[in-house]
Amino acid sequence: MYGVKKAERKILVKAPYNYNPDNINILEIESDKARKGIPIDFEVAIAVCNYQSDLQKIRKRKKWWRFWGRT
C-alpha cells in the first residue's frame with residue numbers, strides 16, 4: 001500500500017530528485033522498518049524522511065482531491 005509505484009519511481013530517478021534505483025529499494029525497506037517500529041540509525045532516518053517527503057510531493061502533484069465529489 002505504501003510502496004513506491006513504477007510511475008513514481010521513474011519520477012524519483014529523474015531530476016530534480018536524482019535518486020539511484022538501488023537506493024530507492026533500500027529506502028523502501030528502511031521505511032517499512034520505521035513503520036513497523038523497528039529502530040533504524042539516525043542518518044538513515046533522516047534519509048527516509050527526505051525520501052518520504054519527496055514521494056509525498058510527487059503524490060500530491062496529481063491533485064486527485066480536486067475532483068472528489070464532482071459528478
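Readers should treat all values here as calculations from the given coordinates under stated rules, not as data from a laboratory. Bear in mind that the values here come from a model prediction, so they are computed numbers and not experimental data. Cβ atoms come from the backbone with ideal geometry, glycine included; neighbour counts cover every protein chain shown.
List of remarks:
- With neighbours defined as other Cβ atoms within 10 Å of a residue's Cβ, the residues Glu8, Glu43 order from fewest to most as Glu43, Glu8.
- Summing Lys and Arg as +1 and Asp and Glu as -1 over all other residues whose Cβ lies under 9 Å from the Cβ of Tyr51 gives a net charge of -3.
- The stretch 6-57 - percent relative contact order, Cα under 8 Å, separation 6 or more: 31
- Computed Rg/Rh of the stretch 6-57, alpha carbon atoms with Kirkwood Rh: 0.97
- Under Karplus coefficients 6.51, -1.76 and 1.60, residue-wise ³J(HN,Hα) of the stretch 4-11 in Hz, glycine/proline x: 6, 8, 4, 5, 5, 4, 4, 5
- Sequence-ordered 3J(HN,Hα) estimates for the stretch 38-54 from the Karplus curve with 6.51, -1.76 and 1.60 and θ = phi - 60° stand at 7, x, 10, 5, 4, 5, 5, 4, 5, 5, 5, 4, 5, 4, 5, 5, 5 Hz, glycine and proline given as x.
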